[in-house]
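In what follows, a structure is listed as structure tokens, so that the remarks can point back to it.
Nothing in this text is a laboratory measurement; each read-out follows from the coordinates by a stated rule. Computed from a predicted model, the values in this text were never measured in an experiment. When we count neighbours, we look across all protein chains shown, and the Cβ atoms used for this are built from the backbone with ideal geometry, even at glycine.
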Amino acid sequence: MLTKHPSISGSPGATVAIIGAGAAGLIAARTLHGAGLSVTLIDKSRGLGGRLATRRVETLAFDHGCPSVAVSDPADLDLMAELAAAGSTSVQPDGVYLGCPGMSSLLKPLAEGLELLRGVRIAQVRRKHEVWYLRSDESDAPELGPFDWLLVAAPAPQAADLLADYTEVSAQIAQARMAPRWTLMVVPDGDLEQASDRIWFEDEVLDFAVRNDIKPGRSGPESWVVHARQDWSTANLEIGPDTARDRLLAGFRAYVPQGHPRYVAAHRWRFAEVVSPLGVDCVPDPDLRLAAGGDWCLGPHVTDALASGRAMAAQVLAFYEPALG
């Protein structure tokens, strides 16, 4: 059981909607839920964790987003200890943390006890009579709300678009820059006989590759996730998954000769990583009872997203501090 925070007894019925169930949204939701607020966490995906993602195909599992997490901040170390006790992560000899049995499992304990709306894409938010209402992109779906606070933990371009009517906040968010990345999931036709579980490339297309089948809790044939270079991914953002698959596989074969792969697929992360963060921990507007955040506030790492999520939660808690007496 994860640590709970003191209850905000002076704010009965306070409700918070959080859009985005990546690292920032999950830690914000867990913090506020633990403090006694009513939290609704909404994500367009069916899963949790955002780019802490695992693609499962029959008996295969590919961590095709973030391959591991490194932490040093005491708060993050404490969190990882709690997650390890819950069985969702393990620390490796090199000090990084892996989700068990996949990266998508790493932060799942944070969602325990939360109200989750998965597979819901929010298309519009509006503030009316000092509360928030949310509408999904399904025309016949009922409006969600009212909510006292709104936290937006989506990638910066999506957050800026969603909050376009709130120009001061959206203009600040839009200053952050994120870049895409193509990844390749491949099961070779035999043992590649690599000395390491990670390959670094000196190449115009490929960046690095990570072996997946030897991670904790995994089984099955040898499998790899190959990450394309950020600049190549940006230049080839719209080439389509089949073309990207063929280009990346050809590059991989040039370094690691193999026959026809037993499985191969490509995935595009349109907003894979931060290249120009804002340099603030979140973008708040207490008058609107609104805050936005994510890794794009502080940097490209999961720990940056966690710090931003905690900062968003702190904005809400600070608002109710007078009620604590």
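Between Ser45 and Ile239, what is 0.36 nm times their sequence separation minus the Cα-Cα distance? Round to one decimal in nm. Numbers along the way, then the final one.
Numbers: separation 194, 0.36 × 194 = 69.84 nm, distance 2.31 nm.
Result: 67.5 nm gained on full extension.
Running a GNM on the chain with Cα contacts under 10 Å, which residue among Asp231, Asp73, Asp94 ends up with the highest mean-square fluctuation? Highest fluctuation of the listed residues: Asp94.
Taking a quarter of the surface of the convex hull around the Cα atoms of the chain, what do you get in nm²? The number I arrive at for the chain is 17.5 nm². Direction-averaged projected area, Cα convex hull, the range 209-259: 4.5 nm², rounded to one decimal. Taking a sphere under 15 Å around the Cβ of Pro284 and counting the other residues whose Cβ falls inside, with K and R at +1 and D and E at -1, yields a net charge of -3. Bridging of Lys128 to aspartates and glutamates at a Cα separation below 14 Å is possible for Glu143, Asp148, Asp165, Asp287, once same-chain residues fewer than 8 apart are set aside.
Between Cys282 and any residue 5 or more places off or on another chain, the built amide H atoms are never under 5 Å apart. If you wrap the range 41-173's Cα atoms in a convex hull and average its projection over all directions, what's the area in nm²? About 10.9 nm², averaged over all directions.
Report, as a whole number in µm² per second, the diffusion coefficient that Stokes-Einstein gives for the range 178-275 at 20 °C and 1.002 mPa s using the Kirkwood radius over alpha carbon pairs. Answer, rounded: 157 µm²/s. Relative to its Kirkwood radius, the Cα radius of gyration of the range 153-228 gives an Rg/Rh of 1.23. With helices as the sole contributors, the chain gives -7500 deg cm²/dmol at 222 nm; each DSSP H run of n ≥ 4 counts as -39500 (n - 2.57), and the sum is divided by every residue.
Please identify the longest segment of the chain free of exposed GluC sites (Glu not before Pro), where exposed means a DSSP state other than H, G, I, E or B and no more than 12 other Cβ atoms within 10 Å. The answer is 239-325.
The Kirkwood hydrodynamic radius of the range 227-325, based on inverse pair distances between different Cα atoms, is 16.8 Å. On the principal axes of its alpha-carbon atoms, the range 44-95 has extents of 36, 28, 19 Å, going from largest to smallest.
How high is the relative contact order of the chain? Use alpha-carbon pairs under 8 Å, at least six apart in sequence, and give a whole percent.
Working: 711 pairs, mean separation 67.0, N = 325.
Contact order relative to length: 21 percent.
Charges only on Cβ, +1 for Lys and Arg, -1 for Asp and Glu: so what's the dipole of the chain about the Cα centre, in debye to the nearest 20?
520
For the chain, a Gaussian network of Cα nodes joined below 10 Å ranks Val256, Val225, Val210 by mean-square fluctuation, and the top entry is Val256.
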